[in-house]
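Down below is the structure, laid out as structure tokens.
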Amino acid sequence: MVAQFTTKTSHVELGLPKSLATSIELKQQINAHSTGRLSTDIAVDHTIHPMLKGKYPAQLAFKTVVPVKVRIQYNTFVLVDDVLSLDSTTDLVYQKKYLPKLPIKLDLPLKLKVPFKLDQEFDLMVAIDFNDHVIFDFNELLNVHVKHHFRPVLDIDDDISLNTVSAVEAQLINRKQDTNAQLKATVDIPLRNISP
């Protein structure tokens, strides 16, 4: 047999622990709307390798003096085809005191093939004055180290839909551990536990 009794009180003092472990699990989809501004700080300390490829027009202007070493090697023959007018005396041929000096006048045809050879090195200073449009052609892999803080501000105005949210384990902290409550309880007690 079982004896049943009901007790009720309007004032019960409860002492709660400082914290309660709890598990929260979401069963339904959550629809929300987020609005605001989000300040961010992105630190970048990385080496990147961008490819610089293409043709780039530019206006190039410079003035400079460049030392130049020039070596000239030249071999040829000089052709002589001329007439040599001679107006002299026999003294040109015979230098003798006992011979009289007789005048000599004649035209001598000259046909010669004279060898000419030049092998010489020169040091020159060449002045360059350049100002014109040019095209730079690049196909290079760059090695750039980037160390910078990016601080973008993101404007947020979006709808958010959470379909699946995993269970959240949390620790609830009781701000007030002692509290009052109204209590009503029905207790079933087996009769063997009651002694007369």
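Mind listing the phi-derived Karplus ³J(HN,Hα) values for segment 104-118, rounded to whole Hz, using 6.51, -1.76 and 1.60 with θ = phi - 60°, and x for any glycine or proline?
Once rounded to whole Hz, the list reads 10, 9, 7, 10, 9, x, 10, 10, 10, 10, 9, x, 10, 9, 10.
If amide hydrogens are placed 1.01 Å from N in the peptide plane, which non-local residues have theirs closer than 5 Å to the one on Ile104?
Ser88, Thr89, Thr90
Cross-link partners among aspartates and glutamates for Lys176, C-alpha distance below 16 Å, same-chain residues fewer than 8 apart left out?
Once the sequence-local aspartates and glutamates are set aside, what remains near Lys176 is Glu13.
Over 5 Å intervals from 0, what percent of Cα-Cα pairs in segment 19-173 sits in each interval?
2, 5, 4, 5, 5, 6, 6, 6, 6, 5, 4, 4, 4, 3, 3, 3, 3, 3, 3, 2, 2, 2, 2, 2, 2, 2, 2, 1, 1, 1, 0
Taking Lys53 as the anchor, which aspartates and glutamates have their alpha carbon closer than 13 Å to its alpha carbon, excluding any fewer than eight residues away along the same chain?
Asp137, Glu140
When we measure straight from the Cα of Lys101, which aspartates and glutamates land under 20 angstrom away, once same-chain ones fewer than 8 places off are left out?
Hits, sequence-local ones excluded: Asp87, Asp91.
Computed from the coordinates by the stated procedures, all read-outs in this text should not be read as laboratory data. This one's a predicted model, so the numbers in the text were calculated from it and none came from an experiment.
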